[in-house]
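Note sheet for the following structure.
All of the numbers you see were taken from the coordinates with simple rules; none came from a lab. All figures in this text were calculated on a predicted structure; none of them were measured in a lab. Cβ placement follows ideal geometry from the backbone for every residue including glycine, while neighbour counts extend to all protein chains displayed.
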C-alpha cells in the first residue's frame with residue numbers, strides 16, 4: 001500500500017470540498033471508478049532501478065560545476081539551534097502525520113548515483129529540524145512541516161507567523177517552543193499569504209473562541225480569504241491530481257524515491273487543515289502597527305508568489321520577514337500543479353522595493369521556508385540577486401519571444417542564469433526551474449499557442465501515438481529505438497518515443513516498463529525536487545497503476561466558501577450536452593445571510609446574478625448557508641434535506657432535482673501517463 005503525502009498547496013482540501021457537493025449516487029460512481037480502472041490497467045509492480053551509467057556520469061559532473069566546498073548554508077541552517085525535534089506527530093485517531101526519522105537516509109553525506117548532488121544537498125538542508133533562535137525575541141520551528149512557523153515574543157504573549165499546514169504539526173511545533181521558552185499565550189497570528197501550508201494549522205495554536213472574544217488577533221493581507229478559498233476551487237480536482245505528481249504523493253522516500261519538495265519536507269496525508277478568518281486586513285502598501293508591544297511594518301506584495309501576500313519588518317529587532325517572496329531557491333512563475341501565471345516582472349519590482357526600503361535596516365532576514373540570512377551585506381546581495389533572477393526570466397523570455405522563438409525554443413536557448421547567479425545556491429532550481437519559468441512567462445503574454453499553424457489543431461495523444469508508431473515501423477521498432485536511446489544516455493528522446501508508444505499501445509507491458517525506466521533516469525538527474533517527483537510519479541503509475549486518492553473534507557474551508565462560489569462551481573460541473581432542452585430559471589434564497597441569487601440555465605450554460613431574483617422563476621429554493629455547508633461536508637444530501645424540510649422549494653418542485661441530475665462528479669484519479 002503506497003503512502004500519500006500532503007502537497008502543502010491547498011488543492012487537496014478544496015478538491016475534497018468540490019467532490020462533496022456532488023449528488024450521492026454520482027459521488028459513489030466517481031469514487032468507485034478509479035479503483036476499477038487501476039485494477040484493470042495496473043501491470044505487475046516492479047522495483048525502482050539503479051542509476052544508468054549515463055545518469056551516474058551526469059550526476060558526478062555536477063560536483064565539478066557547483067561550489068560544494070562552501071558549507072555556509074549548513075552553518076546557517078543549524079545556527080541558533082535550541083532543540084532538535086525527535087519523534088512522531090500523530091492525529092487524534094492515531095494516524096501518523098509526521099515522522100522525524102523519515103528522512104534519515106539523507107544523513108549519508110555523499111549523494112548516491114540516483115540523486116543529483118545539488119538536490120541531495122538541498123534535501124539535507126531541509127532535513128535540519130527543530131527550534132531555532134533567529135534573533136532577540138524571534139524564533140522559528142523548521143523541518144516539522146513544508147513551511148516554517150515563526151514565533152515572535154511580545155510583552156505578554158506570542159505572535160505566530162504562519163501556523164503550518166496541519167493543526168497537529170502546528171500544535172507539536174508550538175509545544176516544542178514552549179518546552180524551551182516561557183509558556184506564554186498566543187495573542188496574535190499573522191498569515192503571510194493565502195497558501196494552505198501557511199494557515200492550515202491555525203487551530204493548533206489558537207482557539208476560535210478567543211479570536212471571536214477579541215483575545216487573539218488574526219492579521220492577513222488584503223484579499224486573503226477570497227484567494228485562500230478560490231485559487232484552487234474551480235480547477236480543484238485537476239489541480240489535486242497534478243499536485244500528486246508535484247509532491248511525489250505515491251513515491252516512497254529513499255535514495256531512489258522521494259527526497260524533498262524543494263521548499264521543505266512534506267507531511268503524510270491525514271492531518272487536519274483548518275482556517276479561522278482574519279480579524280484585521282492589511283490594505284495599504286505599507287502599514288505600521290504595534291502588536292503586544294512589538295512594532296511591525298507590513299509590506300503588501302500582491303500577485304507575487306501568491307495573489308495575496310505580504311512581508312513584515314520588525315524595526316526593534318532589525319529583522320526582515322520576506323514571506324515566500326525570497327526563499328533560498330528559484331521559485332515557480334507557474335507551479336506545475338496549475339495556477340494563474342505569476343507576474344515575474346512585478347515580483348522583481350517588489351523585491352527591489354524591499355531592498356530599497358529595508359536593505360540598510362536589516363541585520364537578519366527570515367522567510368517562511370528555508371533558513372535565515374544574517375548580515376546586512378548578505379541580505380542585500382540575496383535580495384538583489386533574487387530581484388535580478390525574476391527580472392532576467394521575464395526580460396530574456398520577452399527578448400527571445402520578440403525574435404520569434406517559441407516556448408520550447410526559448411527554454412533551450414536559456415540553459416542557465418547569467419553572470420554569477422548560476423552559481424548561487426539560493427538561485428538554483430530546486431522548486432521552480434528556468435526551463436519551466438521561461439515557458440510560463442511566454443504563456444502569460446502569448447498563451448499556449450506558438451503561432452505555428454501545424455499546432456493549431458494537433459491530434460490528441462492516442463491518435464497521434466498510433467500514427468507515429470505506425471510511421472516508425474510498429475511497436476517493436478519503437479521499443480528498440482527507446483532502448484537504444486537509453487543505452488546512449490538520451491533519456492529525453494527515449495521518453496518522447498515512449499510516450500507515443502504507450503498511448504498507441506497502452507497494454508504493451510514492455511513499453512510501459514521501458515517508459516518507466518526512462519522517466520526514472522530523468523528523475524535521478526533532476527536538480528528540481530518537484531521535477532524528480534513528477535518523473536518518479538509517472539514511473540510509479542506506469543508500473544503500478546493510478547492510486548485511489550483518499551482524504552477528507554476540510555470543514556473550515558468548506559464553510560468559508562461563499563454561495564456565489566458554490567454556484568460558480570455548479571456551473572463548472574454542469575454537463576452542457578445533457579442540459580440541452582432543460583432550460584429553467586431558479587431563484588435561490590439564503591435566509592440566514594439575507595442573500596438572493598437568480599440562476600438561469602439556458603443553452604446548456606448556468607449563470608447567476610447575485611443580489612437579484614427573477615420576476616417569474618420556475619422555482620424558488622430557500623435554505624440556510626449552514627445547510628449548504630453540511631451538504632458540502634457530506635453530512636447531508638439534497639434529497640434528504642428536501643425530505644426533512646431543510647430545503648424548501650416553491651413553484652415547480654421538480655426543477656431542483658432536475659438541475660442536480662445534470663451535474664457531473666469529478667474524479668481525481670484520471671490517467672496522465674497512460675490514455
Can you tell me the FRET efficiency between residue 74 and residue 615 if r is taken as the Cβ-Cβ distance and R0 is 60 Å, rounded to the nearest 0.05?
0.30
Rounded to one decimal in Å, the inverse mean reciprocal Cα-Cα distance for the range 572-637, i.e. its Kirkwood radius, is 12.9 Å
With labels modelled as points extended 7 Å from the Cα through the Cβ direction, what inter-label distance (nm, one decimal) is found for residue 622 paired with residue 490?
7.3 nm
Global form of the range 79-136, assessed from the alpha-carbon gyration tensor, a/c cut-off 1.5
oblate
Counting only DSSP beta bridges with both residues in the chain, what percent are antiparallel, rounded to the nearest 5?
75 percent
What ranking do 165-172, 328-335 get when scored by the average of other Cβ atoms within 10 Å per residue, highest first?
165-172, 328-335
Mind grabbing the base-10 log of I(q)/I(0) for the range 172-226 at q = 0.12, 0.28 Å⁻¹? Debye formula, identical points on the C-alpha positions, no solvent, two decimal places.
-0.31, -1.22
By its C-alpha gyration tensor, with a ≥ b ≥ c as the square roots of the eigenvalues, how is the range 426-527 shaped: rounded for a/c under 1.5, else prolate for a/b larger than b/c, else oblate?
oblate
Per residue of the chain, what 222 nm ellipticity follows from adding -39500 (n - 2.57) for every DSSP H run with n ≥ 4, rounded to the nearest 500?
-12000 deg cm²/dmol
Shape verdict for the range 367-426, please, from the Cα gyration tensor: rounded (a/c under 1.5), prolate (a/b greater than b/c) or oblate.
prolate
Fewest-first ranking of 348, 247, 100, 288, using other Cβ atoms within 10 Å as the exposure measure:
288, 100, 348, 247
With a Förster distance of 51 angstrom and the Cβ-Cβ distance between residue 81 and residue 639, calculated FRET efficiency to the nearest 0.05 equals 0.35
How many angstrom separate the Cα center of the range 239-312 from the Cα center of the range 369-438?
22 Å
If you rank 227, 180, 491 by fewest surrounding Cβ atoms within 10 Å, what's the result?
180, 227, 491
If I stretch the segment between residue 671 and residue 46 completely, what's the gain in nm (0.36 nm per residue apart, minus their alpha carbon distance), one decimal?
223.1 nm
Return 217, 578 ranked ascending by Cβ neighbour count within 10 Å, so the fewest neighbours appear first.
578, 217
Taking a label point 7 Å from the Cα of residue 402 along Cα-to-Cβ, the residues of the range 427-445 whose backbone nitrogen sits under 15 Å from it are 442, 445
